[in-house]
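Take a look at the structure set out below.
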Amino acid sequence: MKIEDSGERVIPDFMKPTNGLLLEHIARYQFSTHYLKGRVLDLASGSGFGSQMLAKLGKKRIETIVAVDCDPSTVAYAKGRYNHPLVEYRCENAVDPLLPQKLGLFDVIVSFETIEHIEEEQQFLSNVYQLLKPGGVLILSTPFGKGRGKPCGSAFHVHQLTVDEFKNLFNGYTNVKFYGQKGVLIEPTQYDENWYPIGITVCTK
């Protein structure tokens, strides 16, 4: 199964090992392995390389990984290229109100560089919250920008949130930690958007 190199999709087969976008994504998946346990959801899993990576690194702590993407050709590619016995690839829409009913509950959800592509932001966040078990952990990332509703430099993004807008998305969680990412560097921070172009949050329900 072939897949088109469509803009922002991270497809390692089409990229040099030193590609900055690829290295950033690998760093986020590596960062999230510390939290893996039980049933895991990779929401907007793309080409599937990260889901397979999580399965390999967390195989002793996880039961299964459900990897969800909305594009059928991308899901088909992931099934063929990044097959793993612990990974189930599914074609679903992250903002489908019925998604929690379709997928069930998860101990851990990862969703990297997703929310900036979604107009139905509140439905996405509601789905993520409903999909998490009590005590479950969400790990989510997004690039910073000029703010909600304002044009940004990417034709693929609805907008890019400010630091404050990003931090205000997770008030319903019992514990929230914020990290900044610059290249492969990920560290706890109070945020300086001039230094950290990408924000990561780790939230416990």
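The values are calculated or read from the model by the stated rules, or taken from the named source; none is laboratory data. Keep in mind the model is a prediction, meaning the values are calculated, not measured. We place every Cβ from the backbone using ideal geometry, glycine too, and count neighbours over all the protein chains shown.
A few notes on this one:
- Pairs, first under 25 Å from ASP71 (Cα atoms) in the range 9-37, second β-branched (Val, Ile, Thr) and in a helix (DSSP H, G or I), C-beta under 8 Å, six or more apart: ARG9/THR74
- Where strands (runs of 3 or more DSSP E) fall entirely within the range 158-205, none has at least 3 residues that are at pLDDT 95 or above and in contact with a His (Cβ under 8 Å, 6 or more places away or on another chain).
- Scanning the range 61-85 for residues that are surrounded by 22 or more Cβ atoms within 10 Å (Cβ to Cβ) and assigned to a helix (DSSP H, G or I) turns up THR74, VAL75, TYR77, ALA78.
- Selected residue (only one of GLY48, GLY38 is surrounded by fewer than 17 Cβ atoms within 10 Å (Cβ to Cβ), of a type in the set (Gly, Ala, Ser) and at pLDDT 90 or above): GLY38
- Within the set SER141, SER111, SER126, the sole residue that is out of contact with any Lys or Arg (no Cβ under 8 Å at 6 or more places or on another chain) and in contact (Cβ under 8 Å) with a residue 40 or more places away in the chain turns out to be SER111.
- Just one of the numbered conditions (1) touching a residue at least 60 places away in the same chain (Cβ under 8 Å); (2) in a strand (DSSP E or B); (3) out of contact with any Phe, Trp or Tyr (no Cβ under 8 Å at 6 or more places or on another chain) is not true of GLU88: (1).
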